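First comes the structure, then the notes that go with it.
The values are calculated or read from the model by the stated rules, or taken from the named source; none is laboratory data. Owing to the predicted nature of the structure, the values given are computational and were not obtained by experimental measurement. Note that we place each Cβ from the backbone using ideal geometry, even for glycine, and neighbour counts take in every protein chain shown.
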Amino acid sequence: MRTLCKDLAATIPSLKKVNRGKMSFYDIEERAFEIGADRVLIIDRWKGRPGRIRLFEIKNGIQQVPPQIYVRGVKFRRDFKIKPVNQRSPSSIFIEEPEGMSGEIKRLSETFARFFEIPKVKPKMIEKPLDFEVMRFSVEPENMIRVSFYLMPKNIEVGPRIRISHVVWEI
């Protein structure tokens, strides 16, 4: 769980990792206020591994926003054979707009773009010779959604890779 949090913080520049420990929602809201955050991502444990991802906004109290994401499996950055030279956050990250994908994947990518404040780009624009990371959505043969991170322009998957079993939009 901590590895996934660390990997996401290393991949998405706007994220800050804070260990929750035994903090209540009130404590989480207080901690978010201390570090100047207006949004919180909580990764819950299920059978010893990351099991659920919940998104929260801090407005008048802490409020969960859809969707609730159930994780099937994760491949961490350390598990990829290619190690990026620079382990720090990339200077820029984009979400590749899914073309020809289901409405649920498009809706999920829109939510991630809005929640993490990551711009979306079309795949044709990614061929430019710039160094950045891109978040891609795809569907695996078992009909699971996969979220992967790639280092561009070499198109090398650097992780983490998150396999999503299902997404709940009604909370």
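With the structure loaded, tell me whether P98 is at pLDDT below 85 and out of contact with any Phe, Trp or Tyr (no Cβ under 8 Å at 6 or more places or on another chain) or whether it fails that test.
no
I'd like to know if segment 72-86 contains one or more residues that are under 29 Å from E170 (Cβ atoms) and among the aromatic types (F, W, Y).
Scanning segment 72-86, I find no residue that is under 29 Å from E170 (Cβ atoms) and among the aromatic types (F, W, Y), so the answer is no.
Within segment 1-18, track down each residue that is farther than 19 Å from I118 by Cβ and touching a residue at least 24 places away in the same chain (Cβ under 8 Å).
M1, T3, listed by residue number.
From the residues in segment 37-51 that are over 18 Å from F116 (Cβ atoms) and of a type outside the set (K, R), which one is surrounded by the most Cβ atoms within 10 Å (Cβ to Cβ)?
Step by step, filter segment 37-51, then rank; the result is G51.
Among what's in segment 66-81 and is in a loop (DSSP other than H, G, I, E, B) and in contact (Cβ under 8 Å) with a residue 24 or more places away in the chain, pick the residue that is farthest from the chain's Cα centre (by Cα).
So, considering only residues that are in a loop (DSSP other than H, G, I, E, B) and in contact (Cβ under 8 Å) with a residue 24 or more places away in the chain, the one farthest from the chain's Cα centre (by Cα) is F80.
Tell me whether segment 12-30 contains one or more residues that are out of contact with any Phe, Trp or Tyr (no Cβ under 9 Å at 6 or more places or on another chain) and under 25 Å from W169 (Cβ atoms).
For segment 12-30, residues out of contact with any Phe, Trp or Tyr (no Cβ under 9 Å at 6 or more places or on another chain) and under 25 Å from W169 (Cβ atoms): present.
Within segment 52-65, does at least one residue satisfy the condition of being surrounded by fewer than 16 Cβ atoms within 10 Å (Cβ to Cβ) and assigned to a loop (DSSP other than H, G, I, E, B)?
Yes - at least one qualifying residue is present in segment 52-65.
Mind telling me which of the residues E104, E110 ends up being more than 15 Å from L8 (Cα to Cα), at pLDDT 90 or above, assigned to a helix (DSSP H, G or I) and over 13 Å from the mean Cα position of the chain (by Cα)?
E104
When you scan segment 87-98, do you find a residue that is among the basic types (K, R), loosely packed, with under 15 Cβ neighbours inside 10 Å, within 26 Å of I171 (Cβ to Cβ) and out of contact with any Asp or Glu (no Cβ under 8 Å at 6 or more places or on another chain), even just one?
No: zero hits.
Of all the residues that make up segment 140-157, how many are at pLDDT 90 or above and not polar (S, T, N, Q)?
Selection size over segment 140-157: 7.
Give all pairs with beta carbons closer than 8 Å in which a residue from segment 19-42 that is in contact (Cβ under 8 Å) with a residue 60 or more places away in the chain meets a residue that is among the acidic types (D, E); count only pairs at least 6 apart in sequence or on separate chains.
Close Cβ pairs (under 8 Å, with a partner that is among the acidic types (D, E)) amount to R39/E57.
Filter segment 129-154 for residues that are in a loop (DSSP other than H, G, I, E, B) and either touching a residue at least 12 places away in the same chain (Cβ under 8 Å) or touching a helix residue (DSSP H, G or I) at 6+ places or on another chain (Cβ under 7 Å) (or both); which is surrounded by the fewest Cβ atoms within 10 Å (Cβ to Cβ)?
Selected residue: P129.
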